[in-house]
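**Student:** Before I ask anything, here is the structure I am working with.
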Amino acid sequence: MSMCKPLSICDETADNIPELHYRDLITLFDTTFYALYNTRLIKGTDEPIYIPSSEYCNYNQIVFAHGYFASALHEISHWCLAGSSRRLLEDYGYWYIPDGRDHQQQAQFESVEIKPQAIEWALCVASGKHFDVSTDNLLGEGETDRVAFKALVYKQVLTYLANGFPKDAETFMTVLAKHYQTAWPLAIKHFQL
């Protein structure tokens, strides 16, 4: 089986803060999960995607966009939520309609994004990065109520804080908090609606 060649273009940081660099996330993710799950975090180009191992690549790839720290955290969130059976499928077997969704498609998109964005928010807090929701529909019909969507994501954060985050998310939050020396364990006071 051949080894994959990671995609790469530019070198970008989170919010132009050198301390929050995508390379750190790659290293932390590999150190935490590669041996356990044969999965690597890969800097990509345009669209993020999850690619399970195949005859073309002997490890699973979480590909995030353009070296963006936020994109990496978002894609890690989806991976943490996916579970073992979905991790066998490209993009975890989820449907995706790109930017330009109508109202109904956007509502469906937002309903499936609540949990991953709640995990992403917690990963941001653990790394000391600002979080804002992503509605990912700049070319779509009408405007999304970002405040209402963020309130739904916040409600899910509260549920996770009360009942626990998915195991891999909790593991990575702990790793991030230790690396970035942020508050741990996470509590309601760390999340501002």
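**Student:** Considering only the range 160-180, I want to know if a residue exists there that is within 17 Å of the chain's Cα centre (by Cα), assigned to a helix (DSSP H, G or I), modelled with pLDDT under 95 and of a type outside the set (S, T, N, Q).
**Tutor:** Among the residues of the range 160-180, not one is within 17 Å of the chain's Cα centre (by Cα), assigned to a helix (DSSP H, G or I), modelled with pLDDT under 95 and of a type outside the set (S, T, N, Q), which makes the answer no.
**Student:** For the range 99-128, give me each residue that is at pLDDT 95 or above and either out of contact with any Ser or Thr (no Cβ under 6 Å at 6 or more places or on another chain) or small (Gly, Ala, Ser) (or both).
**Tutor:** Hits for the range 99-128 are Ile114, Lys115, Gln117, Ala118, Trp121, Ala122, Leu123, Cys124, Val125, Ala126, Ser127.
**Student:** Could you list all residues from the range 90-113 that are aliphatic (A, V, I, L, M) and touching a Phe, Trp or Tyr at 6+ places or on another chain (Cβ under 8 Å)?
**Tutor:** Once the filter is applied, which keeps residues that are aliphatic (A, V, I, L, M) and touching a Phe, Trp or Tyr at 6+ places or on another chain (Cβ under 8 Å), the range 90-113 yields Ile97, Val112.
**Student:** Continuing with this model, one more query. Looking at (1) under 23 Å from Arg23 (Cβ atoms); (2) out of contact with any strand residue (DSSP E or B) (no Cβ under 8 Å at 6 or more places or on another chain), which is the only condition Lys129 fails?
**Tutor:** Failed condition: (2).
The values are calculated or read from the model by the stated rules, or taken from the named source; none is laboratory data. Just so it is clear, the structure is predicted and the values come from calculations on it, not from any experiment. Note that we place each Cβ from the backbone using ideal geometry, even for glycine, and neighbour counts take in every protein chain shown.
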